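A.B. asks: Before we start, here is the structure in question, set down as structure tokens.
Just so you know, all these numbers are worked out from the coordinates, no wet-lab data involved. This structure is a prediction, so every number in the text was calculated from the model and none was measured. Positions of Cβ are generated from backbone atoms using ideal geometry, with glycine treated the same way; all protein chains shown enter the neighbour counts.
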Amino acid sequence: MKYLFSVICVALSLNLIAQTYNLPALKYGYADYEPFVDAQTMEIHHSKHHQAYVNNLNKAISGTSLEKSSLIDLMMFASFRSEVVRNNSGGHYNHSLFWEILTPKNKQTTPLKVEFENAIKKEFQHLDSLKAKINQAASARFGSGWAWLIVTPQKKLVVTSTANQDNPIMDVSKERGIPILGIDVWEHAYYLKYQNKRGDYLGAIWNLIDWGVVSEKYISALNDPLLAQIEKDNWPELKEFHRVMSQTFHPSETGNLSPLRNRSGELLAKSILLKNSVIPSPFSNPKITEALSKLEKECSKIHKLNVKKTKDEVLKKKIAEAHDTFHVVQGLCHD
Ligand code: MN
């Protein structure tokens with residue numbers, strides 16, 4: 001029994017157990033959100049639309065390596081995912097957040113937390129101007145999508161919007177950060193009651209927004225390591241170098257040196273751009289500067305050896321060393 005328990009713990013910590021996603025239960029009955037959102041809309045939205053995102057996500061990742069990824073990882077690297085995974089991981093995450101922040105008016109008990117109130121005052125002067133800004137973003141969103149209030153890696157509150165089921169965690173979004181409030185502006189969120197009048201729905205939905213829950217989300221977002229991950233992911237020179245490194249190093253491991261033979265100049269160019277790039281503030285320290293210089297020297301050496309048509313074995317050893325140095329850089333970015 002104890003052995004089995006340990007095996008399960010190890011499997012969980014190594015992420016070996018396949019993920020399946022489930023529809024979260026609503027905190028209240030479908031009719032409790034009346035009159036601002038009608039019971040039928042709530043029921044269809046939750047039990048049909050959200051359920052479909054969950055089912056489609058499970059189906060899309062089943063039997064693939066993505067079963068071992070977290071939901072956040074599925075979204076963080078959305079640009080590398082299929083449309084199905086991108087739309088349904090977003091659909092599941094976005095709706096789960098939406099249900100959490102909606103509370104029937106007479107059940108809203110926790111007020112705005114003072115830290116959050118101060119942040120609102122700093123960025124938007126007043127709660128009403130924040131609401132107006134979110135409504136503006138929601139009205140301007142052409143077609144289906146979401147309006148968001150996010151915490152950026154610089155720990156600022158920003159209002160933004162995304163199309164379809166994208167969200168600001170995804171690497172496909174222009175403004176990135178952790179969403180703490182999202183308004184669904186798909187027609188399925190309001191059409192039965194409000195028809196084409198998105199503005200009326202946007203006026204009413206504020207009655208259901210639970211500022212106590214949003215305040216808690218604000219405070220936990222400030223301390224979430226995901227903010228640093230997003231910031232690192234927004235370091236384009238690092239991403240570019242990573243792309244060329246993986247496309248040349250990984251084939252070399254299996255004895256195929258031709259990608260590296262053809263692209264050693266490009267690898268060197270990317271290492272120079274990386275060394276001269278603006279290092280995002282949380283990672284900016286002498287260790288990382290030193291590692292980036294080392295990486296550039298190693299890439300320069302690889303290119304010179306390649307031009308001199310050095311043996312495969314030598315090149316293979318040198319690219320493995322540069323790859324190790326790159327891992328040092330990446331490791332330093334996890335602090
Ligand atoms: Mn929806």
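A.B. asks: Checking the cross-link filter: which lysines have an alpha carbon closer than 23 Å to that of LYS107, excluding same-chain neighbours under 8 positions apart?
C.D. replies: Excluding near neighbours in sequence, the set is LYS27, LYS131, LYS193, LYS217.
A.B. asks: Obtain the nm distance between the two label points defined at LYS107 and GLN51 by a simple spin-label model: each point lies 7 Å from its Cα along the Cα-to-C-beta direction.
C.D. replies: In this crude spin-label approximation the distance works out to 2.0 nm.
A.B. asks: Can you figure out the FRET efficiency of TYR191 with GLU266, using R₀ = 51 Å and their beta-carbon distance, to the nearest 0.05?
C.D. replies: Values: r = 51 Å, r/R0 = 0.99.
So the FRET efficiency works out to roughly 0.50.
A.B. asks: If you line up the long axis of helix 2-13 against the longest principal axis of the chain, both from Cα atoms, how many degrees apart are they, to the nearest 10?
C.D. replies: With rounding to tens, the tilt is 80 degrees.
A.B. asks: Let me ask another. Using 0.36 nm per residue of separation minus the Cα-Cα distance, give me the extension gain between LYS133 and THR64 in nm, one decimal.
C.D. replies: Values: separation 69, 0.36 × 69 = 24.84 nm, distance 4.08 nm.
Result: 20.8 nm gained on full extension.
A.B. asks: What is the extension gain from GLU34 to SER220, computed as 0.36 nm multiplied by their sequence separation minus the C-alpha to C-alpha distance, in nm to one decimal? All intermediate terms of the calculation are to be shown ahead of the outcome.
C.D. replies: Details: separation 186, 0.36 × 186 = 66.96 nm, distance 2.97 nm.
Net length gain for the segment: 64.0 nm.
A.B. asks: Oh, and also: If you put +1 on each Lys and Arg Cβ and -1 on each Asp and Glu Cβ, how big is the dipole of the chain around its Cα centre, in Debye rounded to 20?
C.D. replies: 1100 debye
A.B. asks: Report the FRET efficiency, 1/(1 + (r/R0)^6), for GLU43 and ALA204, where r is their Cβ-Cβ distance and R0 is 25 Å, rounded to 0.05. Mind showing how you got there, number by number?
C.D. replies: On the way: r = 18 Å, r/R0 = 0.71.
Efficiency, rounded to the nearest 0.05: 0.90.
A.B. asks: Label 7 Å along Cα→Cβ of LYS174; segment 137-151 residues with amide nitrogen under 17 Å?
C.D. replies: Under cut-off, by backbone N: 137-150.
A.B. asks: Order these peptides, 75-84, 166-175, by their mean beta-carbon neighbour count within 10 angstrom, highest first. It would help to have the intermediate numbers written out before the result.
C.D. replies: On the way: 75-84: 16.5, 166-175: 19.3.
Sorting 75-84, 166-175 by mean packing, highest first, produces 166-175, 75-84.
A.B. asks: Could the peptides 119-130, 147-158 be put in order, highest first, of the mean number of other beta-carbon atoms found within 10 Å of their residues?
C.D. replies: Ranked by mean Cβ neighbours within 10 Å, highest first: 147-158, 119-130.
A.B. asks: How much mean residue ellipticity at 222 nm does the chain get from its helices, if each DSSP H run of length 4 or more adds -39500 (n - 2.57) and you divide by all residues, to the nearest 500 deg cm²/dmol? Mind dumping the intermediate values first?
C.D. replies: Working: 15 runs with 189 residues, N = 335.
Helix contribution divided over all residues of the chain: -17500 deg cm²/dmol.
A.B. asks: Something else: For PHE80 paired with ASN276, estimate the spin-label separation in nm (one decimal), with each label point 7 Å from Cα along the Cα-to-Cβ line.
C.D. replies: The two pseudo-label positions are separated by 2.8 nm.
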